[in-house]
């Protein structure tokens with residue numbers, strides 16, 4: 001396979017390789033960098049904390065923590081300025097913290113910021129940059145594999161089809177793929193519910209449990225038929241694979257950068273500790289309780 005050029009990551013890797021080859025080393029900067037790195041590592045979940053997690057969830061938490069550490073360091077570099085600006089604006093706009101302050105949980109926006117918020121002609125993200133940097137400078141192969149899986153992930157719409165023990169049986173609305181997933185938030189759900197969630201594949205060899213990585217968003221309304229109509233008008237009337245590719249693109253990036261974040265932010269209805277409830281459609285502002293259209297009506 002011919003590797004596509006990712007300008008941001010490629011330039012950053014080339015610059016850092018040049019620095020490594022340089023004969024003059026500023027040891028003060030190196031030591032300061034090491035201190036910063038050590039401090040950031042203290043924010044990573046400890047083995048004791050991870051011991052209380054399901055194994056499939058724990059390995060993803062560990063991988064995301066390491067991406068967070070690398071992101072904190074990389075986004076101080078000039079080459080990463082586009083990502084730093086995107087994330088900073090999103091944090092100011094949505095104030096992620098979880099309800100009642102914001103329906104965008106920290107874990108939801110962090111996944112979006114690392115793996116979906118793209119820049120440049122090839123849709124580079126912080127995640128793709130971390131993967132390329134890791135491959136170039138000897139990151140642990142298993143960690144690299146897990147970060148790559150998370151980079152390939154996206155949010156999706158799932159129909160709840162019951163439970164099997166602690167697992168929720170979820171069928172994706174458009175792809176029709178069925179998975180059995182642990183839900184770390186503790187929400188068991190009900191048959192027939194429509195979920196908006198980031199579902200990660202089994203991370204461990206031989207494993208079968210998918211992972212609903214962030215708190216699930218439960219869609220109270222409209223009805224399933226209206227969501228099916230949404231995808232009929234949003235996705236092309238084309239052969240199945242073309243349609244599925246379009247769905248992947250739509251769910252990963254949206255028509256605009258803030259499309260799905262706005263949907264969550266403006267669709268908030270209620271919440272409980274284990275789940276957040278939404279209403280409305282992404283392309284019908286009047287259907288979302290907190291859209292600008294409805295806010296103007298209220299002010300009148």
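The values are calculated or read from the model by the stated rules, or taken from the named source; none is laboratory data. Predicted, not measured: the structure shown is a model, and the values here were computed from it. Don't worry about glycine lacking a Cβ; one is built from the backbone with ideal geometry, like all the others, and counts go over all protein chains shown.
For the stretch 131-139, the criterion of being in contact with a helix residue (DSSP H, G or I) (Cβ under 6 Å, 6 or more places away or on another chain), closer than 21 Å to residue 253 by Cβ and assigned to a strand (DSSP E or B) is satisfied by no residue at all. Residues in the stretch 263-282 that are in contact with a helix residue (DSSP H, G or I) (Cβ under 9 Å, 6 or more places away or on another chain) and assigned to a helix (DSSP H, G or I): 264, 265, 266, 267. Evaluating residue 214 against the criteria (1) modelled with pLDDT under 95; (2) surrounded by 17 or more Cβ atoms within 10 Å (Cβ to Cβ); (3) more than 15 Å from the chain's Cα centre (by Cα); (4) not assigned by TED's automatic domain parsing to the domain that holds residue 56 leaves one unmet condition, (3).
For the stretch 133-151, residues that are surrounded by fewer than 19 Cβ atoms within 10 Å (Cβ to Cβ), in contact (Cβ under 8 Å) with a residue 12 or more places away in the chain and either farther than 21 Å from residue 198 by Cα or touching a strand residue (DSSP E or B) at 6+ places or on another chain (Cβ under 8 Å) (or both) total 4. Checking each residue in the stretch 110-123 for being out of contact with any strand residue (DSSP E or B) (no Cβ under 7 Å at 6 or more places or on another chain) and modelled with pLDDT of 95 or more picks out 110, 112, 113, 114, 115, 116, 117.
Taken together, the criteria exclude residue 103 from residues that are outside the structural domain of residue 272 (by TED's automatic domain parsing), part of a loop (DSSP other than H, G, I, E, B), at negative phi and at pLDDT below 95. Taking the conditions (1) touching a residue at least 24 places away in the same chain (Cβ under 8 Å); (2) assigned by TED's automatic domain parsing to the domain that holds residue 93; (3) within 18 Å of the chain's Cα centre (by Cα) in turn, residue 181 satisfies each one other than (2).
For (1) within 29 Å of residue 62 (Cβ to Cβ); (2) surrounded by fewer than 18 Cβ atoms within 10 Å (Cβ to Cβ), each residue gets a yes or a no:
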| residue | (1), (2) |
| --- | --- |
| 206 | yes, yes |
| 225 | no, yes |
| 255 | no, yes |
| 268 | no, no |
| 278 | no, no |
